[in-house]
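Q: This is the structure I want to talk about, given as structure tokens.
The values are calculated or read from the model by the stated rules, or taken from the named source; none is laboratory data. Note that the structure is a prediction, hence the values are computed from the model and not measured. We place every Cβ from the backbone using ideal geometry, glycine too, and count neighbours over all the protein chains shown. What goes into the accessible areas is simple: the full protein's heavy atoms, side chains included, and nothing from ligands, DNA or RNA. Shrake-Rupley method; radii C 1.70, N 1.55, O 1.52, S 1.80 Å.
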Amino acid sequence: METLTTLILIAVGAALINNFVLHYFVGLCPFVGVSRRLDTAFGMGLAVTFVITIASLLSWTLTFYVLRQGAPVTAWIGGFFLSPDRAAEIDLTILNYIVYIFVIASSVQFVEMYVRRFFPPLYKAFGVYLPLITTNCAILFACLEIMKHVSGASSPAEMWGLHEALTLAVFGGLGFTLAIVIMAGIREELDLCDVPAPLQGPPIAMIVAGILALAFTGFTGVDRGLEEALRPEKNETAQTARSESAPYPHEVSR
């Protein structure tokens, strides 16, 4: 139950509360460039979700088994040349960025070949934005978040497993899809409106994106309420500890 609760909190946080586009403002290039039509935006959202999932899977595997300090594969190889203690201290996290960029570029090339082979109209609609997924900051951001919770964890108990990394990737991608589809729906409606000439194109798109970001701040605090609902025993323990440590317990309870 504890694992399921953690996964639910990660999923809701990545998709709604801390939406990659509307909270961290990463992935704005395809968000603005491919949100003119609803069907194209939906296809781009699914492509980004697929790439971000594959890249996160490979990034977690490489970080956990090769790059972090004390990684089993690195320690095993280092054991041939160094003492076991020195081999366990090998830390290759300085290579994280290079490895992640290589992984993302490879994943995008795979998606591009697949879409061009089986969905030619969608491939033509994406245009230059499909290979530009390689430079989508949202994908690199997800890989860095996973790195922070694997090689940057303060203890092995706090280290993310593969299931937590994939939950962040899948729901982060779905959050991107949700944001770009909403944006495309609004922009299609704007084509029927009399937008002033200086605001047509990217200016009105950025204004709409700002309004959407403000709207998504309404989800702030949902994660805390959800955690209180899913972990009632933890909250009762915390409230009891605060009441016992307070100088005037009756004032705290009131």
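Q: Which residues, taken from region 13-60, are open to solvent by 30 Å² or more (accessible area, probe 1.4 Å), aromatic (Phe, Trp, Tyr) and more than 17 Å from Phe216 (Cα to Cα)?
A: Matches in region 13-60: Phe42, Phe50.
Q: State yes or no: is Thr53 closer than 24 Å to Gly27 by Cα and in a helix (DSSP H, G or I)? Quick ask: steps written out before the conclusion?
A: Working: closer than 24 Å to Gly27 by Cα: yes; in a helix (DSSP H, G or I): yes.
Yes: the conditions hold for Thr53.
Q: Out of the residues in region 62-78 that are over 30 Å from Leu132 (Cα atoms) and open to solvent by 40 Å² or more (accessible area, probe 1.4 Å), state the one that is nearest to the chain's Cα centre (by Cα).
A: Among them, the one singled out is Gln69.
Q: Given the criterion more than 15 Å from Leu58 (Cβ to Cβ) and part of a loop (DSSP other than H, G, I, E, B), identify the matching residue among Leu122, Leu82.
A: From the options Leu122, Leu82, the qualifying one is Leu82.
Q: Residues that are open to solvent by less than 50 Å² (accessible area, probe 1.4 Å) and modelled with pLDDT under 80, at least 2 per element: which helices (runs of 4 or more DSSP H) completely within region 153-254 meet that? Spell out how you get there, then give the answer.
A: Working: elements: 162-190, 202-216, 222-230, 232-245, 249-253.
Once the helices (runs of 4 or more DSSP H) in region 153-254 are filtered for at least 2 residues that are open to solvent by less than 50 Å² (accessible area, probe 1.4 Å) and modelled with pLDDT under 80, what remains is 232-245.
Q: For residues that are of a type in the set (Ser, Thr, Tyr) and farther than 19 Å from Ala165 by Cα, tally how many sit in region 64-105.
A: 2
Q: Moving on. Give the residue that is farthest from Val115 (Cα to Cα), with candidates limited to residues of region 126-135 that are assigned to a helix (DSSP H, G or I) and open to solvent by less than 40 Å² (accessible area, probe 1.4 Å). Working first, answer last.
A: Let us first name the residues in region 126-135 that are assigned to a helix (DSSP H, G or I), namely 126-129, 131-135.
Remaining after also requiring open to solvent by less than 40 Å² (accessible area, probe 1.4 Å): 126-127, 133.
Details: Phe126: 10, Gly127: 12, Ile133: 13 Å.
Result: Ile133.
Q: Still on this model: If you go through region 102-139 one residue at a time, how many are free of Cβ contacts under 8 Å to residues at least 60 places away in the same chain and either of a type in the set (A, V, I, L, M) or at positive phi (or both)?
A: Looking only at that region, the number is 7.
Q: Quick one: what pairs do we get from region 205-229, first residue on the phi > 0 side of the Ramachandran plot, second assigned to a helix (DSSP H, G or I), C-beta under 9 Å, 6+ apart or different chains?
A: Once the first residue is on the phi > 0 side of the Ramachandran plot and sits in region 205-229, its partners that are assigned to a helix (DSSP H, G or I) give Gly221/Ile17.
Q: Based on this model, can you work out whether Ala138 counts as at pLDDT 80 or above, open to solvent by less than 70 Å² (accessible area, probe 1.4 Å), under 18 Å from Leu67 (Cβ atoms) and in a helix (DSSP H, G or I)? Write out each step before concluding.
A: Working: at pLDDT 80 or above: yes; open to solvent by less than 70 Å² (accessible area, probe 1.4 Å): yes; under 18 Å from Leu67 (Cβ atoms): no; in a helix (DSSP H, G or I): yes.
No: the conditions fail for Ala138.
Q: Tell me which residues, restricted to region 36-47, are more than 16 Å from Ala138 (Cα to Cα) and of a type outside the set (Phe, Trp, Tyr).
A: Scanning region 36-47 gives Arg36, Arg37, Leu38, Asp39, Thr40, Gly43.
Q: Please work out if Ile146 is of a type in the set (Val, Ile, Thr) and open to solvent by 50 Å² or more (accessible area, probe 1.4 Å).
A: no
Q: Right, Ile77: outside any helix (DSSP H, G or I), among the β-branched types (Val, Ile, Thr) and more than 30 Å from Phe50 (Cα to Cα) or not?
A: Spelling it out, it is not the case that Ile77 is outside any helix (DSSP H, G or I), among the β-branched types (Val, Ile, Thr) and more than 30 Å from Phe50 (Cα to Cα).
Q: For region 86-111, what are the residues that are modelled with pLDDT of 80 or more and closer than 17 Å to Thr49 by Cα?
A: Tyr100, Ile101, Val103, Ile104, Ala105, Ser106, Ser107, Val108, Gln109, Phe110
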